[in-house]
Amino acid sequence: MNGIGPINPAPTAEKEVLVNVTSMLKEILDGYELEDTAITMDTKLTVDLELESIDLVTLAGRLESHYGGSVNFAHYIADMDLDEIINLTVGQLVTYVVQCLNAPGDHRR
């Protein structure tokens, strides 16, 4: 391999979404004592970041404002049981957003 050009463009989209989601989470966490917590793909929203239900509602609104109606976080977690929501990671959220953005019929670009 000569290392020229990207092999798979999906990781770039994932990295971009991770940056955006991390920024949103830091804004939501502003004022909490968790400002220095590193946010990675393995970070759990409720366990590690201690997000509460109102914070998840705020996150849903920010995701929809930024990405449009194709990213419906409330709908995404509606079918989850409590343990799944408690253990939801940033990576799972990022993957969901990327899937929504790449779904057929999303013509925002």
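The values are calculated or read from the model by the stated rules, or taken from the named source; none is laboratory data. As the structure is a prediction and not an experimental result, all values here were calculated from the model. Here the Cβ is made from the backbone with ideal geometry for all residues, glycine too, and neighbour counts use every protein chain on show. Surface accessibility is based on the protein's heavy atoms, side chains included, excluding ligands, DNA and RNA. Shrake-Rupley method; radii C 1.70, N 1.55, O 1.52, S 1.80 Å.
I'd like to know if the range 37-46 contains one or more residues that are open to solvent by less than 60 Å² (accessible area, probe 1.4 Å), modelled with pLDDT under 90 and over 15 Å from residue 73 (Cβ atoms). Yes: the range 37-46 contains one or more residues that are open to solvent by less than 60 Å² (accessible area, probe 1.4 Å), modelled with pLDDT under 90 and over 15 Å from residue 73 (Cβ atoms). Restricting attention to the range 52-109, the residues being under 20 Å from residue 39 (Cα atoms), open to solvent by 60 Å² or more (accessible area, probe 1.4 Å) and not in a helix (DSSP H, G or I) number 2. Pick out the one residue from 65, 70 that is among the hydroxyl-bearing types (Ser, Thr, Tyr) and modelled with pLDDT of 95 or more. After ruling out the rest, the residue left standing is 65.
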